[in-house]
1. Out of everything in segment 234-246 that is open to solvent by less than 10 Å² (accessible area, probe 1.4 Å) and either in contact with a helix residue (DSSP H, G or I) (Cβ under 9 Å, 6 or more places away or on another chain) or without any contact (Cβ under 8 Å) to a residue 60 or more places away in the chain (or both), what residue ends up being farthest from Leu325 (Cα to Cα)?
2. Has segment 67-82 got at least one residue that is in contact with a strand residue (DSSP E or B) (Cβ under 9 Å, 6 or more places away or on another chain), of a type in the set (S, T, N, Q) and farther than 30 Å from Ala127 by Cα?
3. Which number in (1) closer than 25 Å to Cys262 by Cβ; (2) charged (D, E, K, R); (3) crowded, with 20+ Cβ neighbours inside 10 Å marks the one condition that Asp314 misses?
4. Quick check on Ala64: is it aliphatic (A, V, I, L, M), open to solvent by less than 90 Å² (accessible area, probe 1.4 Å) and in a helix (DSSP H, G or I)?
5. Out of curiosity, is Ser198 modelled with pLDDT of 50 or more, out of contact with any Gly (no Cβ under 9 Å at 6 or more places or on another chain) and surrounded by 17 or more Cβ atoms within 10 Å (Cβ to Cβ)?
6. Scan segment 167-185 and give yes if some residue there is modelled with pLDDT of 90 or more, open to solvent by 60 Å² or more (accessible area, probe 1.4 Å), outside any helix (DSSP H, G or I) and under 20 Å from Ala258 (Cβ atoms), otherwise no.
7. Go through (1) part of a helix (DSSP H, G or I); (2) modelled with pLDDT of 80 or more for Leu105 and report which single condition fails.
8. If we scan segment 139-153, do we find a residue that is within 23 Å of Cys224 (Cα to Cα), aromatic (Phe, Trp, Tyr), touching a residue at least 24 places away in the same chain (Cβ under 8 Å) and part of a helix (DSSP H, G or I)?
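The values are calculated or read from the model by the stated rules, or taken from the named source; none is laboratory data. Keep in mind that this is a model prediction, so the values were computed, not measured. We place every Cβ from the backbone using ideal geometry, glycine too, and count neighbours over all the protein chains shown. Ligands, DNA and RNA are excluded from the accessible area calculation, which covers all protein heavy atoms including side chains. Shrake-Rupley method; radii C 1.70, N 1.55, O 1.52, S 1.80 Å.
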Amino acid sequence: MEALLPSSSSFPKRPCSGEILPVGDTSVLPNPDTIDASLVSLLALRDPSVSIDLSIQRILDFTAPELEKEKLIENAMRVASAVHEAAMRSSRRRASIHNAASWPLPSDLTVKVFSILDTRSLCYAAAACSMFSKCAGDPLCYCNIDLTAKDPKINNTVVSTMIQRAGKNLQSLKLGIWPNTATNEDVIRCTSYSSRNSMELLGLSWTERRPRQGKEPCILTRSCLLALGADGAAAGALLRSLHLYNIDKMDGPGFSIALSACPSLLDLEVVGLRIELRQILDSVSTNCHSIERLFVESSETGSDDSLKSPTCVDLVNGCPHIMSLTLRGFKLNDHKVRILIKGLVNLKSVDFSTSYSIAGLFLRNLGNGSNGHLLEVLILRDCLHLKEVEIARFLSALISGDCKLLRYLDISNKDGLSAEDDWNVRRYSPSIPLSRILEERPDLCLLANFPPDECCMDIEQTSDREAGSDSSLQIENNQLLSTDYLDSSDSSYGSILASGSEDAFDSNYALYDGDSLDELEFS
């Protein structure tokens, strides 16, 4: 022990304090035999706490200068810390050796098992021991990165580190805050027909199906995906699936830069991003020519009317392989919808839920088009302007044999279907051939759920009693939309339509009547 302690004039055999090697200095190492003998003597003590305490106190008593005493105490603490850290490292090494001997799988199979785990479980496994940590650092374990969560705890550094670990092995990436929405798979699992709200069968309320609004913001920023383009876009080159949820700070340029690094993308899901639909589709049609599934849900239902017909045409020409298309919560009209459905010849699944401007005109002759007969899923839930007469006509066409591959159809509406002449007049018990189509097409899962008539009886009776005044007429029109089911965004959009200020069609395109689009050409 004497070789490790500083000396004073009273102890000439001990080296002076200035000769103690600084931490990390390995240029001159003491004699290993001396160190080993000192450690053996220390470890052999029966009661080291008392013995060492008395020894240090005696040394301090024989040390005259106060400065030397301070240096001696500091060096004693440094030596004790070094001994403790060395013991901890030795313990971990022994544990690692023990785990390696007792773990039944070789390292390559361990990596394969870890590659099956989700990202959160992989992190837990890596923290278990050094052997697992080494295996969990393999790039193959980060092929499918899922950093979504209910709370915004993931930052850009974590995302960048994960992407860099994956490198060229990255295949799928999910980021952001979990949306409170029911997926298409959840809806399709609800296969029974009911006259009540189908969301009861899913265990979800209407508000739970909307994107997060007014919640704690995500801490990810517009640069969270820059790592995809690093090192010559090695990580993004082979990326197949990208899902982004409620990343508030993501903007159009940042989104476009991310997609430019992902030319092989097949599956893109975007929910709650504050980027115009036009910008999203422009970025997709420019960079992702192989995409097969496109899912976009608006951050604010009914507020985005940026999409124009040329953008739809560009999407059709730039992404001809799309098989599943979901555009929820946007202002889409029948003309734009018909461009998409007619142009995307491989389309099998379509979801235009909460698209207020859709009246259903695009459904005319849908099964006679070049690809209408390929449709397997059609979802038009809560389309405010969807007309009863167009739905009835479409169901009659299905009974006649159109769209033979159609297996799932959802025309449910929390506000009822729209009357033919006035969308403010709602049909809560529409005259559509539901029973007959279920008989003629038993393979078709049909959801046609509307609010029960009794929820509007009191409103209609009140309106009839007060129909003599102009103010009562205005109340009737507002209440016919069933305020129990209508949220603030719906009502604000309804006021825009009532004022006649909605731009229903693009100024450069003729009014669409449902049957005149066959002449549209796609290059």
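1. Ala235
2. Within segment 67-82, not a single residue is in contact with a strand residue (DSSP E or B) (Cβ under 9 Å, 6 or more places away or on another chain), of a type in the set (S, T, N, Q) and farther than 30 Å from Ala127 by Cα.
3. (3)
4. No, not satisfied.
5. No.
6. Yes, some residue in segment 167-185 is modelled with pLDDT of 90 or more, open to solvent by 60 Å² or more (accessible area, probe 1.4 Å), outside any helix (DSSP H, G or I) and under 20 Å from Ala258 (Cβ atoms).
7. (1)
8. Yes; the residues of segment 139-153 include at least one that is within 23 Å of Cys224 (Cα to Cα), aromatic (Phe, Trp, Tyr), touching a residue at least 24 places away in the same chain (Cβ under 8 Å) and part of a helix (DSSP H, G or I).
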